[in-house]
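Before any comments, here is the structure.
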Amino acid sequence: MTMPLTGRSPVTGMPSFSWYLSPTHKLLVKAASLSDAVTVGGPNGPVEICKLRQRGFEASVLFDGQGYAGKELPPVGTWMALQRSAGADRLLLPGVFIPWNKDDPASLDRVVGEQQRLASDLDATMVLAIDVRWLSKRVERLVDLLADAGCPTALVLAERADPLAVGGAVSNLRWLASRVHGLTLLRSDHGALGAVAFGAVHASIGLTTSTRHFTTATMKARRLPGSSARLFVRLLLDWFRASEIAGWTAAGSSILCQLPCCEGASLARFLDEDLDATWHTMHALADFADLVINADPGDRPVEFLNECRTAAARYGLASFNGPENPKAQLTGWAFS
């Protein structure tokens, strides 16, 4: 792996997590205090981070240029140089999208082969955005290709909604992570921590619907109803609208958050649109990530699955008066 400017081994080359943010996100500098690194999305990332470096920003950073999303990037050599100039923790290729093609499964082989050769020549990490059906339906071939590549891989899962809600995706990700060396889940949700628990090296977690997975123009991304803030609830290991949470409170539930960001206050307060739930969500996700990553390597799978099973057991309890059923990703982990 390419060494960062400091000369140390890449932080993101060992069990770790980062926030996936735009280069101008208002909490980017502050967010670095709650994670091992920051992943900056978009072609302007290196330039913006260079500006922050000049003001003393020292956090480890990955750069996702989003070439798989059609973003216009400079030639690959120039893109590598830009990342180096911004002190990248390791270098990422521009990225390609691999659409699902059941009639030509060898298309996966061709693209991975091309990217593997390029990554090896440049001492970089492959960035592969894949239709989640490659994971759910062709995982054996995906494992073989990535395990044999000889270079680290960053996967971006593409689906109109939650990729890990697709049948077979959770169990196959668990298997993939245990067999592919140097795997990163890029632009993902909290489920990427499950990959780290089972052997992946890095989880890059987005804080909005569009940064928790990739959606192509033809996938018709699902629009969620309501406009209230969407936040991560640590006890339930999932994302909910503030309006939903306020409804649980009205039904008799007390949704208090004991994390430092909230100091025992109710999550229902985020129904007030003047309050930003992002800092709460970062603390809630960081608490979960720290539990998994700081566990002894042999205990990570157990710690992660126990958290999922405990969260799933909190749904549907009459004393809770909250959501009745856990979503597909959580049950996928809990019963795997």
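The values are calculated or read from the model by the stated rules, or taken from the named source; none is laboratory data. Just so we're clear, the structure is a prediction, and the values are computed from it rather than from any experiment. Cβ placement follows ideal geometry from the backbone for every residue including glycine, while neighbour counts extend to all protein chains displayed.
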Within the stretch 91-127, residues being in contact (Cβ under 8 Å) with a residue 40 or more places away in the chain and either more than 29 Å from residue 9 (Cα to Cα) or not in a helix (DSSP H, G or I) (or both) number 9
query = Any chance the stretch 104-114 includes a residue that's farther than 19 Å from residue 175 by Cβ and surrounded by 19 or more Cβ atoms within 10 Å (Cβ to Cβ)?
reply = no
Review point. Just wondering, is there one or more residues in the stretch 255-263 that are surrounded by fewer than 13 Cβ atoms within 10 Å (Cβ to Cβ), on the phi < 0 side of the Ramachandran plot, touching a helix residue (DSSP H, G or I) at 6+ places or on another chain (Cβ under 7 Å) and at pLDDT below 95?
Key: yes
For the stretch 232-252, the count of residues that are surrounded by 18 or more Cβ atoms within 10 Å (Cβ to Cβ) and in a loop (DSSP other than H, G, I, E, B) equals 3
Selection from the stretch 279-305 of residues polar (S, T, N, Q) and either surrounded by fewer than 19 Cβ atoms within 10 Å (Cβ to Cβ) or without any contact (Cβ under 8 Å) to a residue 40 or more places away in the chain (or both) yields 294
Expected output for the stretch 312-336 (first residue among the hydroxyl-bearing types (Ser, Thr, Tyr), partner modelled with pLDDT under 90, Cβ below 9 Å, 6+ apart or cross-chain) is 315/322; 315/323; 315/324; 319/252; 319/253
Over the stretch 185-231, the set of residues hydrophobic (A, V, I, L, M, F, W, C), modelled with pLDDT of 90 or more and closer than 16 Å to residue 135 by Cβ is 185, 186, 192, 195, 198, 200, 203, 214
Please indicate, with yes or no, whether at least one residue in the stretch 74-82 is modelled with pLDDT of 95 or more and either under 21 Å from the mean Cα position of the chain (by Cα) or within 18 Å of residue 195 (Cβ to Cβ) (or both).
no
Taking first residues from the stretch 45-72 that are in the same structural domain as residue 204 (by TED's automatic domain parsing) and free of Cβ contacts under 8 Å to residues at least 12 places away in the same chain and second residues anywhere that are assigned to a strand (DSSP E or B) and among the aromatic types (Phe, Trp, Tyr), the pairs with Cβ under 9 Å that are 6 or more apart or on different chains are 70/97
If you go through 160, 179, 187, the only one that is in the same structural domain as residue 144 (by TED's automatic domain parsing) and within 26 Å of residue 34 (Cα to Cα) is 187
Every listed condition ((1) modelled with pLDDT under 95; (2) out of contact with any strand residue (DSSP E or B) (no Cβ under 9 Å at 6 or more places or on another chain)) holds for residue 291 save (1)
